[in-house]
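Okay, structure first, notes after.
The values are calculated or read from the model by the stated rules, or taken from the named source; none is laboratory data. Owing to the predicted nature of the structure, the values given are computational and were not obtained by experimental measurement. A quick note on method: Cβ atoms are made from the backbone with ideal geometry, for glycine too, and the neighbour counts reach across all protein chains shown.
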Amino acid sequence: MFSVFFTIVRRDVLLAMRRRTDVLTTLFFFIIVVSLFPLGIGAEKNTLRHIAPGVVWIAALLASMLALERLFENDYADGTLEQMLIAPQSLSVIVAAKVLTHWLLTGLPIVLIAPLVGLQYYLPSEAVVTMTQALMLGTPVLSLIGAIGAALTLGLRGGGILLSLLILPLYIPVLVYGAGAIAASMMAKAPVQPYFMLLGAFLILALIFAPWATAAALRISSE
Amino acid sequence: MDNTLEVRQLCCERGDKRLFSDLNFSLPAGSLLYVEGANGSGKTTLLRALCGLFTPECGQVLWNGEDSHKLGDAFRDQVIYLGHHNSLKLDLTGIENLHFSLAVDGVKAGEEALLEALASMGLAGYEDLPVRVLSQGQKRRVALARLLLTESPLWILDEPFTALDVKAVDHLQSIIASHVNQGGMAILTTHQEVALTSGQIQRIRLGEHV
(Lines give C-alpha, C1' and ligand atoms only; values in the text may rest on other atoms or scores of the structure.)
Protein backbone atom coordinates (compact mmCIF):
# COMPACT_ATOMS: atom_id res chain seq x y z
CA MET A 1 0.00 0.00 0.00
CA PHE A 2 2.73 2.44 0.99
CA SER A 3 4.97 1.34 -1.83
CA VAL A 4 2.40 2.31 -4.46
CA PHE A 5 1.80 5.60 -2.62
CA PHE A 6 5.46 6.55 -2.76
CA THR A 7 5.83 5.25 -6.29
CA ILE A 8 3.08 7.54 -7.54
CA VAL A 9 4.49 10.51 -5.63
CA ARG A 10 7.93 9.83 -7.07
CA ARG A 11 6.54 9.43 -10.58
CA ASP A 12 4.57 12.68 -10.49
CA VAL A 13 7.42 14.67 -8.96
CA LEU A 14 9.76 13.25 -11.59
CA LEU A 15 7.32 14.22 -14.33
CA ALA A 16 7.03 17.71 -12.91
CA MET A 17 10.81 18.04 -12.82
CA ARG A 18 10.93 17.09 -16.49
CA ARG A 19 8.37 19.83 -17.23
CA ARG A 20 9.29 22.52 -14.78
CA THR A 21 7.24 25.21 -16.52
CA ASP A 22 4.03 23.78 -15.09
CA VAL A 23 5.25 24.21 -11.52
CA LEU A 24 6.76 27.63 -12.12
CA THR A 25 3.62 28.97 -13.81
CA THR A 26 1.57 28.38 -10.69
CA LEU A 27 4.12 30.03 -8.45
CA PHE A 28 4.57 33.04 -10.70
CA PHE A 29 0.82 33.37 -11.08
CA PHE A 30 0.58 33.64 -7.30
CA ILE A 31 3.39 36.19 -7.10
CA ILE A 32 1.97 38.31 -9.91
CA VAL A 33 -1.61 38.34 -8.60
CA VAL A 34 -0.39 39.32 -5.15
CA SER A 35 1.85 42.05 -6.58
CA LEU A 36 -0.91 43.59 -8.67
CA PHE A 37 -2.94 44.76 -5.69
CA PRO A 38 -0.44 47.31 -4.31
CA LEU A 39 -0.04 48.64 -7.85
CA GLY A 40 -3.78 49.07 -8.29
CA ILE A 41 -4.72 50.24 -4.82
CA GLY A 42 -1.66 52.26 -3.90
CA ALA A 43 1.12 51.62 -1.45
CA GLU A 44 -0.57 53.11 1.60
CA LYS A 45 0.69 51.10 4.57
CA ASN A 46 -2.53 50.63 6.54
CA THR A 47 -4.68 49.79 3.53
CA LEU A 48 -2.23 47.15 2.40
CA ARG A 49 -2.05 45.62 5.85
CA HIS A 50 -5.81 45.55 5.94
CA ILE A 51 -6.29 43.75 2.63
CA ALA A 52 -3.25 41.45 2.84
CA PRO A 53 -4.96 38.42 4.45
CA GLY A 54 -7.73 38.30 1.86
CA VAL A 55 -5.46 38.95 -1.09
CA VAL A 56 -2.96 36.26 -0.12
CA TRP A 57 -5.65 33.66 0.36
CA ILE A 58 -7.57 34.49 -2.81
CA ALA A 59 -4.35 34.35 -4.81
CA ALA A 60 -3.54 31.01 -3.19
CA LEU A 61 -7.00 29.63 -4.07
CA LEU A 62 -6.67 30.69 -7.68
CA ALA A 63 -3.11 29.41 -8.02
CA SER A 64 -4.04 26.07 -6.51
CA MET A 65 -6.96 25.81 -8.91
CA LEU A 66 -4.87 26.66 -11.91
CA ALA A 67 -2.98 23.41 -11.56
CA LEU A 68 -6.00 21.32 -10.61
CA GLU A 69 -7.13 20.82 -14.17
CA ARG A 70 -3.94 18.93 -14.91
CA LEU A 71 -4.23 16.73 -11.84
CA PHE A 72 -5.89 13.82 -13.65
CA GLU A 73 -6.16 15.17 -17.19
CA ASN A 74 -2.78 13.92 -18.43
CA ASP A 75 -3.18 10.51 -16.86
CA TYR A 76 -6.64 10.30 -18.39
CA ALA A 77 -5.41 11.23 -21.86
CA ASP A 78 -2.52 8.76 -22.02
CA GLY A 79 -4.34 5.84 -20.41
CA THR A 80 -2.29 5.60 -17.21
CA LEU A 81 -5.40 6.50 -15.23
CA GLU A 82 -7.14 3.44 -16.65
CA GLN A 83 -4.31 1.31 -15.35
CA MET A 84 -4.66 2.87 -11.91
CA LEU A 85 -8.40 2.17 -11.91
CA ILE A 86 -7.89 -1.52 -12.58
CA ALA A 87 -4.78 -1.87 -10.43
CA PRO A 88 -5.04 -4.27 -7.51
CA GLN A 89 -4.43 -1.34 -5.18
CA SER A 90 -6.77 0.92 -3.30
CA LEU A 91 -7.67 3.78 -5.63
CA SER A 92 -8.00 6.11 -2.64
CA VAL A 93 -4.33 5.57 -1.82
CA ILE A 94 -3.34 6.36 -5.40
CA VAL A 95 -5.54 9.47 -5.31
CA ALA A 96 -4.04 10.53 -1.99
CA ALA A 97 -0.57 10.23 -3.53
CA LYS A 98 -1.58 12.39 -6.47
CA VAL A 99 -3.10 15.00 -4.17
CA LEU A 100 0.03 15.08 -2.03
CA THR A 101 2.11 15.68 -5.15
CA HIS A 102 -0.24 18.45 -6.24
CA TRP A 103 0.26 20.10 -2.87
CA LEU A 104 4.03 19.62 -2.96
CA LEU A 105 4.17 21.30 -6.36
CA THR A 106 1.63 24.11 -5.85
CA GLY A 107 0.79 24.52 -2.17
CA LEU A 108 4.23 24.18 -0.66
CA PRO A 109 5.93 26.73 -2.97
CA ILE A 110 3.21 29.21 -2.03
CA VAL A 111 3.75 28.57 1.67
CA LEU A 112 7.49 29.11 1.20
CA ILE A 113 7.16 32.30 -0.82
CA ALA A 114 4.49 33.78 1.49
CA PRO A 115 6.89 35.59 3.88
CA LEU A 116 8.16 37.58 0.92
CA VAL A 117 4.60 38.64 0.18
CA GLY A 118 4.28 39.68 3.80
CA LEU A 119 7.12 42.16 3.34
CA GLN A 120 5.39 43.60 0.32
CA TYR A 121 2.27 44.27 2.40
CA TYR A 122 4.08 45.69 5.47
CA LEU A 123 2.87 42.80 7.62
CA PRO A 124 4.31 42.67 11.14
CA SER A 125 6.47 39.65 11.80
CA GLU A 126 3.87 37.83 13.97
CA ALA A 127 1.38 38.15 11.12
CA VAL A 128 3.91 36.70 8.66
CA VAL A 129 4.44 33.70 10.93
CA THR A 130 0.68 33.23 11.32
CA MET A 131 0.17 33.56 7.57
CA THR A 132 2.75 30.86 6.85
CA GLN A 133 1.22 28.55 9.42
CA ALA A 134 -2.31 29.16 8.19
CA LEU A 135 -1.26 28.51 4.59
CA MET A 136 0.51 25.36 5.70
CA LEU A 137 -2.75 24.06 7.20
CA GLY A 138 -5.08 25.46 4.57
CA THR A 139 -3.43 24.76 1.22
CA PRO A 140 -3.59 20.94 1.62
CA VAL A 141 -7.36 21.34 2.11
CA LEU A 142 -7.50 23.23 -1.17
CA SER A 143 -5.70 20.39 -2.97
CA LEU A 144 -7.90 17.74 -1.36
CA ILE A 145 -11.22 19.43 -2.11
CA GLY A 146 -10.02 20.45 -5.55
CA ALA A 147 -9.23 16.85 -6.43
CA ILE A 148 -12.90 15.92 -6.07
CA GLY A 149 -13.83 18.63 -8.55
CA ALA A 150 -11.01 17.68 -10.91
CA ALA A 151 -12.22 14.08 -10.89
CA LEU A 152 -15.85 15.06 -11.49
CA THR A 153 -15.06 17.31 -14.44
CA LEU A 154 -12.56 14.91 -15.98
CA GLY A 155 -12.91 14.57 -19.73
CA LEU A 156 -15.59 17.25 -20.04
CA ARG A 157 -15.35 19.97 -22.63
CA GLY A 158 -14.78 23.30 -20.91
CA GLY A 159 -14.13 21.40 -17.72
CA GLY A 160 -11.84 24.16 -16.46
CA ILE A 161 -14.59 26.75 -16.07
CA LEU A 162 -16.98 24.22 -14.59
CA LEU A 163 -14.28 23.17 -12.17
CA SER A 164 -13.89 26.70 -10.83
CA LEU A 165 -17.66 27.13 -10.45
CA LEU A 166 -17.82 23.84 -8.61
CA ILE A 167 -14.82 24.23 -6.37
CA LEU A 168 -14.49 27.91 -5.49
CA PRO A 169 -17.66 27.95 -3.32
CA LEU A 170 -16.28 24.98 -1.41
CA TYR A 171 -13.09 26.92 -0.74
CA ILE A 172 -15.01 29.63 1.15
CA PRO A 173 -14.59 28.19 4.66
CA VAL A 174 -10.83 27.91 4.19
CA LEU A 175 -10.72 31.45 2.84
CA VAL A 176 -12.76 32.87 5.73
CA TYR A 177 -10.84 31.21 8.53
CA GLY A 178 -7.45 31.36 6.82
CA ALA A 179 -7.76 35.10 6.25
CA GLY A 180 -9.35 35.47 9.69
CA ALA A 181 -6.29 33.97 11.34
CA ILE A 182 -3.95 36.48 9.72
CA ALA A 183 -6.25 39.40 10.52
CA ALA A 184 -6.56 38.26 14.14
CA SER A 185 -2.80 38.06 14.52
CA MET A 186 -2.55 41.78 13.73
CA MET A 187 -5.08 42.73 16.42
CA ALA A 188 -4.14 43.08 20.05
CA LYS A 189 -5.63 40.46 22.35
CA ALA A 190 -7.28 38.50 19.55
CA PRO A 191 -6.56 34.78 19.87
CA VAL A 192 -5.37 32.99 16.74
CA GLN A 193 -5.72 29.48 18.05
CA PRO A 194 -9.44 28.97 17.25
CA TYR A 195 -8.75 29.70 13.61
CA PHE A 196 -5.97 27.15 13.52
CA MET A 197 -8.16 24.58 15.19
CA LEU A 198 -10.89 25.10 12.63
CA LEU A 199 -8.43 24.92 9.75
CA GLY A 200 -7.01 21.77 11.31
CA ALA A 201 -10.50 20.31 11.55
CA PHE A 202 -11.11 21.06 7.87
CA LEU A 203 -7.83 19.38 7.02
CA ILE A 204 -8.69 16.24 8.97
CA LEU A 205 -12.17 16.04 7.48
CA ALA A 206 -10.81 16.55 3.98
CA LEU A 207 -8.07 13.95 4.56
CA ILE A 208 -10.67 11.39 5.53
CA PHE A 209 -13.32 12.02 2.93
CA ALA A 210 -11.69 13.63 -0.11
CA PRO A 211 -9.55 10.69 -1.36
CA TRP A 212 -12.51 8.38 -1.09
CA ALA A 213 -14.89 10.80 -2.82
CA THR A 214 -12.31 11.52 -5.53
CA ALA A 215 -11.83 7.81 -6.17
CA ALA A 216 -15.59 7.35 -6.55
CA ALA A 217 -15.81 10.35 -8.89
CA LEU A 218 -12.93 9.01 -11.00
CA ARG A 219 -14.70 5.70 -11.48
CA ILE A 220 -17.83 7.49 -12.64
CA SER A 221 -16.21 9.93 -15.03
CA SER A 222 -13.84 7.43 -16.63
CA GLU A 223 -16.59 5.13 -17.92
CA MET B 1 -5.65 -24.09 -9.35
CA ASP B 2 -7.08 -23.82 -12.82
CA ASN B 3 -8.80 -20.51 -13.34
CA THR B 4 -11.93 -19.92 -15.33
CA LEU B 5 -13.55 -16.80 -16.55
CA GLU B 6 -17.24 -16.98 -17.20
CA VAL B 7 -19.53 -14.40 -18.68
CA ARG B 8 -23.25 -14.69 -18.12
CA GLN B 9 -26.01 -12.82 -19.90
CA LEU B 10 -23.81 -9.80 -20.42
CA CYS B 11 -25.28 -6.79 -22.19
CA CYS B 12 -23.74 -3.41 -22.75
CA GLU B 13 -25.08 -0.12 -23.98
CA ARG B 14 -23.18 2.89 -25.13
CA GLY B 15 -25.11 6.14 -25.42
CA ASP B 16 -28.53 4.41 -25.59
CA LYS B 17 -27.35 2.07 -28.29
CA ARG B 18 -27.45 -1.61 -27.40
CA LEU B 19 -24.07 -2.98 -28.42
CA PHE B 20 -24.65 -6.60 -27.53
CA SER B 21 -26.91 -8.56 -25.25
CA ASP B 22 -27.17 -12.05 -23.84
CA LEU B 23 -23.50 -12.68 -24.29
CA ASN B 24 -22.39 -15.93 -22.69
CA PHE B 25 -19.06 -17.63 -22.82
CA SER B 26 -16.70 -19.47 -20.59
CA LEU B 27 -12.95 -19.39 -20.87
CA PRO B 28 -10.97 -22.14 -19.14
CA ALA B 29 -7.28 -21.90 -18.26
CA GLY B 30 -4.96 -22.42 -21.20
CA SER B 31 -7.19 -20.90 -23.81
CA LEU B 32 -7.37 -17.92 -26.03
CA LEU B 33 -10.41 -15.92 -27.04
CA TYR B 34 -10.67 -13.78 -30.14
CA VAL B 35 -13.27 -11.06 -30.03
CA GLU B 36 -14.23 -10.20 -33.57
CA GLY B 37 -16.62 -7.73 -35.08
CA ALA B 38 -16.91 -4.63 -37.19
CA ASN B 39 -15.94 -1.16 -36.00
CA GLY B 40 -18.37 -0.01 -33.36
CA SER B 41 -19.65 -3.47 -32.59
CA GLY B 42 -18.55 -3.18 -28.98
CA LYS B 43 -15.26 -5.08 -28.84
CA THR B 44 -13.49 -2.49 -26.74
CA THR B 45 -16.55 -2.03 -24.54
CA LEU B 46 -16.66 -5.77 -23.92
CA LEU B 47 -13.00 -5.83 -22.91
CA ARG B 48 -13.46 -2.82 -20.64
CA ALA B 49 -16.50 -4.47 -19.07
CA LEU B 50 -14.49 -7.63 -18.45
CA CYS B 51 -11.74 -5.86 -16.57
CA GLY B 52 -14.13 -3.64 -14.65
CA LEU B 53 -13.57 -0.30 -16.37
CA PHE B 54 -17.13 -0.27 -17.67
CA THR B 55 -20.26 -1.27 -15.81
CA PRO B 56 -22.44 -3.46 -18.00
CA GLU B 57 -26.19 -2.88 -18.06
CA CYS B 58 -26.86 -6.43 -17.02
CA GLY B 59 -25.08 -9.72 -16.59
CA GLN B 60 -22.13 -10.92 -14.63
CA VAL B 61 -18.45 -11.59 -15.06
CA LEU B 62 -17.46 -14.55 -12.93
CA TRP B 63 -13.92 -15.44 -11.97
CA ASN B 64 -13.66 -19.02 -10.68
CA GLY B 65 -17.39 -18.90 -10.10
CA GLU B 66 -17.36 -15.70 -8.06
CA ASP B 67 -18.62 -12.32 -9.10
CA SER B 68 -15.64 -10.26 -10.23
CA HIS B 69 -17.18 -7.08 -8.79
CA LYS B 70 -17.35 -8.61 -5.34
CA LEU B 71 -13.83 -9.98 -5.63
CA GLY B 72 -12.53 -6.45 -6.24
CA ASP B 73 -8.78 -6.24 -5.84
CA ALA B 74 -8.46 -10.02 -5.75
CA PHE B 75 -9.85 -10.12 -9.30
CA ARG B 76 -7.97 -7.07 -10.52
CA ASP B 77 -4.77 -8.74 -9.38
CA GLN B 78 -5.44 -11.56 -11.86
CA VAL B 79 -5.95 -9.32 -14.86
CA ILE B 80 -3.69 -7.29 -17.03
CA TYR B 81 -5.30 -4.95 -19.51
CA LEU B 82 -3.70 -3.18 -22.40
CA GLY B 83 -6.01 -0.81 -24.20
CA HIS B 84 -5.79 1.44 -27.21
CA HIS B 85 -3.65 3.79 -25.20
CA ASN B 86 -0.16 2.66 -24.47
CA SER B 87 -0.47 4.02 -20.93
CA LEU B 88 2.97 5.55 -21.15
CA LYS B 89 4.22 8.86 -19.85
CA LEU B 90 5.93 10.54 -22.78
CA ASP B 91 8.35 12.46 -20.57
CA LEU B 92 9.63 9.36 -18.82
CA THR B 93 12.11 6.89 -20.27
CA GLY B 94 11.16 3.40 -21.28
CA ILE B 95 12.59 1.84 -18.18
CA GLU B 96 10.95 4.38 -15.87
CA ASN B 97 7.61 3.80 -17.56
CA LEU B 98 7.94 0.07 -17.17
CA HIS B 99 9.00 0.45 -13.55
CA PHE B 100 6.04 2.65 -12.65
CA SER B 101 3.40 0.67 -14.48
CA LEU B 102 4.59 -2.54 -12.82
CA ALA B 103 4.53 -0.86 -9.43
CA VAL B 104 0.91 0.12 -10.02
CA ASP B 105 0.20 -3.49 -11.04
CA GLY B 106 1.78 -4.58 -7.78
CA VAL B 107 4.56 -6.52 -9.49
CA LYS B 108 8.00 -6.40 -7.96
CA ALA B 109 10.80 -6.65 -10.49
CA GLY B 110 14.42 -5.70 -10.31
CA GLU B 111 16.26 -3.34 -12.63
CA GLU B 112 17.89 -6.31 -14.38
CA ALA B 113 14.54 -7.92 -15.15
CA LEU B 114 13.21 -4.65 -16.56
CA LEU B 115 16.22 -4.20 -18.83
CA GLU B 116 15.93 -7.78 -19.97
CA ALA B 117 12.24 -7.38 -20.79
CA LEU B 118 12.90 -4.27 -22.83
CA ALA B 119 15.78 -5.92 -24.63
CA SER B 120 13.61 -8.88 -25.45
CA MET B 121 11.11 -6.49 -27.04
CA GLY B 122 13.93 -5.22 -29.24
CA LEU B 123 14.48 -2.03 -27.32
CA ALA B 124 18.05 -2.56 -26.17
CA GLY B 125 19.78 0.81 -26.32
CA TYR B 126 16.50 2.73 -26.13
CA GLU B 127 15.84 2.22 -22.40
CA ASP B 128 17.06 5.61 -21.33
CA LEU B 129 15.39 7.71 -23.98
CA PRO B 130 12.19 9.58 -23.19
CA VAL B 131 9.33 7.64 -24.74
CA ARG B 132 8.39 10.84 -26.58
CA VAL B 133 11.19 10.35 -29.11
CA LEU B 134 10.36 6.71 -29.86
CA SER B 135 8.27 5.66 -32.85
CA GLN B 136 4.69 4.42 -32.50
CA GLY B 137 5.79 0.83 -32.81
CA GLN B 138 8.53 1.27 -30.24
CA LYS B 139 6.08 2.86 -27.81
CA ARG B 140 3.81 -0.12 -28.27
CA ARG B 141 6.73 -2.42 -27.52
CA VAL B 142 7.48 -0.58 -24.27
CA ALA B 143 3.85 -1.03 -23.28
CA LEU B 144 3.93 -4.71 -24.23
CA ALA B 145 7.10 -5.36 -22.21
CA ARG B 146 4.81 -5.37 -19.16
CA LEU B 147 3.44 -8.70 -20.32
CA LEU B 148 6.83 -10.33 -19.88
CA LEU B 149 7.04 -9.47 -16.19
CA THR B 150 3.49 -9.80 -14.98
CA GLU B 151 2.21 -12.86 -13.19
CA SER B 152 -1.47 -12.19 -13.89
CA PRO B 153 -3.09 -15.19 -15.58
CA LEU B 154 -5.68 -13.26 -17.58
CA TRP B 155 -4.44 -11.00 -20.34
CA ILE B 156 -6.95 -8.68 -21.94
CA LEU B 157 -5.39 -7.04 -24.97
CA ASP B 158 -7.15 -4.57 -27.20
CA GLU B 159 -5.61 -4.53 -30.66
CA PRO B 160 -2.17 -5.52 -29.40
CA PHE B 161 -0.69 -5.82 -32.88
CA THR B 162 -1.29 -2.25 -34.04
CA ALA B 163 1.80 -0.33 -35.10
CA LEU B 164 4.05 -3.38 -34.73
CA ASP B 165 6.24 -4.58 -37.57
CA VAL B 166 6.17 -8.16 -38.85
CA LYS B 167 8.98 -9.32 -36.60
CA ALA B 168 7.42 -7.81 -33.49
CA VAL B 169 4.05 -9.32 -34.39
CA ASP B 170 5.70 -12.74 -34.57
CA HIS B 171 7.41 -12.15 -31.26
CA LEU B 172 4.22 -11.04 -29.55
CA GLN B 173 2.41 -14.06 -30.93
CA SER B 174 4.99 -16.35 -29.43
CA ILE B 175 4.75 -14.52 -26.10
CA ILE B 176 0.96 -14.94 -26.07
CA ALA B 177 1.28 -18.55 -27.19
CA SER B 178 3.69 -19.46 -24.41
CA HIS B 179 1.50 -17.69 -21.86
CA VAL B 180 -1.51 -19.71 -23.00
CA ASN B 181 0.53 -22.92 -23.04
CA GLN B 182 1.51 -22.36 -19.44
CA GLY B 183 -2.12 -22.32 -18.41
CA GLY B 184 -2.76 -18.61 -18.83
CA MET B 185 -5.68 -17.04 -20.60
CA ALA B 186 -5.77 -14.31 -23.19
CA ILE B 187 -8.57 -12.32 -24.73
CA LEU B 188 -7.74 -10.24 -27.76
CA THR B 189 -9.40 -8.15 -30.35
CA THR B 190 -7.71 -7.87 -33.65
CA HIS B 191 -8.76 -7.02 -37.14
CA GLN B 192 -6.00 -9.06 -38.66
CA GLU B 193 -6.21 -12.81 -38.60
CA VAL B 194 -3.36 -14.15 -36.55
CA ALA B 195 -2.45 -17.79 -36.66
CA LEU B 196 -1.85 -19.19 -33.23
CA THR B 197 -1.24 -22.87 -33.04
CA SER B 198 -1.25 -23.36 -29.33
CA GLY B 199 -3.97 -24.02 -26.83
CA GLN B 200 -7.63 -23.95 -27.29
CA ILE B 201 -8.91 -21.12 -29.44
CA GLN B 202 -12.37 -19.66 -29.13
CA ARG B 203 -13.97 -16.92 -31.14
CA ILE B 204 -16.93 -14.72 -30.55
CA ARG B 205 -18.35 -12.36 -33.11
CA LEU B 206 -20.09 -9.26 -31.90
CA GLY B 207 -22.71 -7.34 -33.77
CA GLU B 208 -24.51 -10.21 -35.43
CA HIS B 209 -27.33 -11.19 -33.15
CA VAL B 210 -28.43 -7.90 -31.67
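Residue by residue, here is whether (1) away from every other protein chain (no Cβ under 12 Å); (2) under 27 Å from B:LEU134 (Cα atoms); (3) crowded, with 16+ Cβ neighbours inside 10 Å holds:
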{"site": "B:GLY30", "(1), (2), (3)": "yes, no, yes"}
{"site": "B:GLY37", "(1), (2), (3)": "yes, no, yes"}
{"site": "B:PHE54", "(1), (2), (3)": "no, no, yes"}
{"site": "B:LEU62", "(1), (2), (3)": "yes, no, yes"}
{"site": "B:GLU111", "(1), (2), (3)": "yes, yes, no"}
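Quick one: is B:SER101 within 8 Å of another protein chain (Cβ to nearest Cβ) and among the polar types (S, T, N, Q)? So B:SER101 passes the test. Only one entry in A:ALA43, A:ALA16 is small (Gly, Ala, Ser) and more than 12 Å from chain B (Cβ to nearest Cβ), namely A:ALA43. Determine whether B:ALA119 is within 14 Å of chain A (Cβ to nearest Cβ), farther than 24 Å from B:THR189 by Cβ, of a type in the set (A, V, I, L, M) and free of Cβ contacts under 8 Å to residues at least 40 places away in the same chain. No.
Considering only residues that are assigned to a loop (DSSP other than H, G, I, E, B) and over 21 Å from B:VAL142 (Cα atoms), which ones fall in region B:168-192? Correct list: B:GLN182, B:GLY183, B:GLY184, B:HIS191, B:GLN192.
Does B:ASP77 satisfy being acidic (Asp, Glu), facing chain A (nearest Cβ under 9 Å) and in contact with a helix residue (DSSP H, G or I) (Cβ under 7 Å, 6 or more places away or on another chain)? It is false that B:ASP77 is acidic (Asp, Glu), facing chain A (nearest Cβ under 9 Å) and in contact with a helix residue (DSSP H, G or I) (Cβ under 7 Å, 6 or more places away or on another chain). Which residues, taken from region A:168-223, are β-branched (Val, Ile, Thr), part of a helix (DSSP H, G or I) and over 14 Å from the mean Cα position of the chain (by Cα)? Within region A:168-223, A:VAL176, A:ILE182, A:ILE204, A:ILE208, A:THR214, A:ILE220 qualify. What about A:THR21, is it surrounded by fewer than 16 Cβ atoms within 10 Å (Cβ to Cβ), within 14 Å of another protein chain (Cβ to nearest Cβ), among the hydroxyl-bearing types (Ser, Thr, Tyr) and over 28 Å from B:ASP77 (Cβ atoms)? So A:THR21 passes the test. Closer than 21 Å to B:GLU159 by Cβ, among the basic types (Lys, Arg) and buried (at least 18 other Cβ atoms within 10 Å of the Cβ): does that describe B:ARG48? Criteria met by B:ARG48. Among the residues making up region B:124-155, those that are crowded, with 17+ Cβ neighbours inside 10 Å, closer than 22 Å to A:ARG19 by Cα and either among the β-branched types (Val, Ile, Thr) or assigned by TED's automatic domain parsing to the domain that holds B:GLY183 (or both) are B:VAL131, B:VAL142.
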